[in-house]
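Notes follow the structure.
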Amino acid sequence: MSPQEMVEKALALSTADDTIVIVDETSSANLRFAGNTLTTNGVTRSSQLTVISIAGRSVGVVSRAAVRPDQLADVVAAADRAAEDAQPSEDARPLVDGAVSADWDAPAEPTAIGVFGSFAPALGEAFAAAEAGGRKLYGFAEHIVTTTFVGTSAGARLRHTQPTGRLELNAKSPDMKRSAWTGVATRDFTDVDVTALDASLARRLEWAKNRIDLPAGRYETLLPPSAVADLMIYTYWTAGARDALDGRTVFSKPGGGTRVGEVLSPVPLRLYSDPAHPGIETTPFVVAHASSRQSSVFDNGMRLSSTDWIAEGTLARLLQTRHSAELTAMPVTPAIDNLILEGPDGGRSLEEMIASTERGLLLTCLWYIREVDPQTLLLTGLTRDGVYLVENGEVVGEVNNFRFNESPVDLLGRIAEVGASEQTLPREWNDYFTRTVMPALRVPDFNMSTVSQAS
């Protein structure tokens with residue numbers, strides 16, 4: 001049974017007042033390597049069926065993997081029973097008017113190991129160069145393609161194919177005491193320059209030959225795009241309008257309401273999402289497998305468009321369902337699966353920012369990020385795989401790792417410089433969110449709260 005046939009059959013079987021059926025067809029291909037040697041490769045395929053039954057204002061949701069045609073009726077019946085037994089949902093709204101994708105009838109096209117056709121030979125050449133240069137490369141490359149089919153009793157028949165690729169590359173010295181990381185996001189691996197990535201890792205391992213110990217404190221710090229992505233993604237995830245309205249987050253206004261309209265940064269920053277942004281295109285309609293404080297199953301199929309979250313440094317929007325938008329009297333702005341941060345006038349490259357630094361720290365990436373205080377969005381975490389000291393425009397050596405304590409919202413108000421935006425891969429959150437375009441940031445007083453023993 002094709003995904004489209006499964007959708008139609010499930011809709012026909014349901015006895016609920018309204019029904020939403022989502023089928024996710026996913027395939028993945030991967031290469032893993034260690035010590036300049038390919039260790040494993042493989043391809044997987046999976047299918048997930050979600051049936052959302054609506055009885056009056058009550059919702060029942062049942063999801064199952066690898067559902068056979070003879071099991072479909074049981075899944076639909078279970079969702080119908082769950083809806084009958086459920087309490088009324090506060091986010092209940094009429095289903096979105098039906099729209100039909102022009103390619104609805106096209107089959108899902110899985111990825112295959114051939115996606116690495118040009119990348120794999122280049123990776124082999126990087127292995128040889130690393131071996132000759134006395135370093136070891138570790139990491140993995142992964143390509144995932146998910147085709148999502150959404151059908152509703154209101155007539156919607158929507159589909160979207162989402163390719164997601166990522167490469168994580170780690171270089172180590174022979175004694176394993178020096179380490180450097182880089183990563184890239186890609187749609188198809190044709191744009192990945194492994195030679196350039198390996199060269200950047202080799203340069204950082206050279207920097208690390210000179211070790212400098214520094215105490216905890218506040219330092220002028222250059223945050224590369226990857227680190228900025230991790231901080232902005234967490235900010236985005238916590239920007240739900242309902243939580244802000246209820247006084248739970250940094251976006252809550254003291255005394256009630258939200259901080260929408262408040263200036264967060266004196267720099268005219270723009271933080272936005274756009275499903276059509278070149279290179280990080282993503283699903284152009286809402287896909288909600290279940291309702292939460294930031295999403296609603298009743299909004300499935302709603303069209304998405306470019307949305308400013310911060311405009312000219314001012315908080316412009318929060319994540320809104322139709323339900324929360326009625327509570328806040330603001331526009332409906334659902335979550336979108338990409339994120340872009342831009343400063344004014346394009347900005348300088350990270351290399352140019354380093355060259356103009358009198359004394360400061362250059363980070364590689366952040367990891368083990370955890371929330372300390374939701375009211376201020378205070379985060380803590382660790383630096384990893386290279387913290388470098390810059391003096392008089394030159395990197396003079398590697399320093400020890402630190403634990404940091406910073407609120408990214410507070411940090412927005414203290415930015416000294418915004419670099420040029422570029423597509424990047426977050427280190428901490430790339431299992432969940434890969435489509436980002438971010439600049440490097442200069443912060444005059446980034447809080448390195450303690451020295452970390454991590455190495």
In this structure, is Leu158 open to solvent by less than 20 Å² (accessible area, probe 1.4 Å), assigned to a strand (DSSP E or B), of a type outside the set (Phe, Trp, Tyr) and without any contact (Cβ under 8 Å) to a residue 60 or more places away in the chain? no
Identify the single condition in (1) among the hydroxyl-bearing types (Ser, Thr, Tyr); (2) closer than 23 Å to Leu412 by Cα; (3) touching a helix residue (DSSP H, G or I) at 6+ places or on another chain (Cβ under 9 Å) that Thr307 does not satisfy, given that it satisfies every other one. (3)
For region 16-45, enumerate the residues that are hydroxyl-bearing (Ser, Thr, Tyr), closer than 17 Å to Leu167 by Cβ and within 22 Å of the chain's Cα centre (by Cα). Ser28
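Here is a yes/no grid of residues against (1) open to solvent by 10 Å² or more (accessible area, probe 1.4 Å); (2) of a type in the set (S, T, N, Q); (3) more than 13 Å from Val387 (Cβ to Cβ):
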| site | (1), (2), (3) |
| --- | --- |
| Thr190 | yes, yes, yes |
| Val194 | no, no, yes |
| Leu201 | no, no, yes |
| Arg211 | yes, no, no |
Within region 229-239, is even one residue more than 16 Å from the chain's Cα centre (by Cα) and either touching a residue at least 60 places away in the same chain (Cβ under 8 Å) or open to solvent by 40 Å² or more (accessible area, probe 1.4 Å) (or both)? no
Got a number for residues in region 412-446 being in a loop (DSSP other than H, G, I, E, B) and either touching a residue at least 40 places away in the same chain (Cβ under 8 Å) or farther than 19 Å from Thr221 by Cα (or both)? 19
The correct count of residues that are in contact with a helix residue (DSSP H, G or I) (Cβ under 7 Å, 6 or more places away or on another chain) and of a type in the set (Phe, Trp, Tyr) in region 179-227 is 1
Read through the list (1) crowded, with 21+ Cβ neighbours inside 10 Å; (2) not in a strand (DSSP E or B), then give the number of the only condition that Ala129 fails. (1)
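The values are calculated or read from the model by the stated rules, or taken from the named source; none is laboratory data. Since this is a predicted model, take the numbers as computed values, not measurements. Neighbour counts are summed over all protein chains in view; Cβ atoms, including those assigned to glycine, are modelled from backbone coordinates with ideal geometry. Heads up: the accessible areas ignore ligands, DNA and RNA and are worked out on the full protein's heavy atoms, side chains in. Shrake-Rupley method; radii C 1.70, N 1.55, O 1.52, S 1.80 Å.
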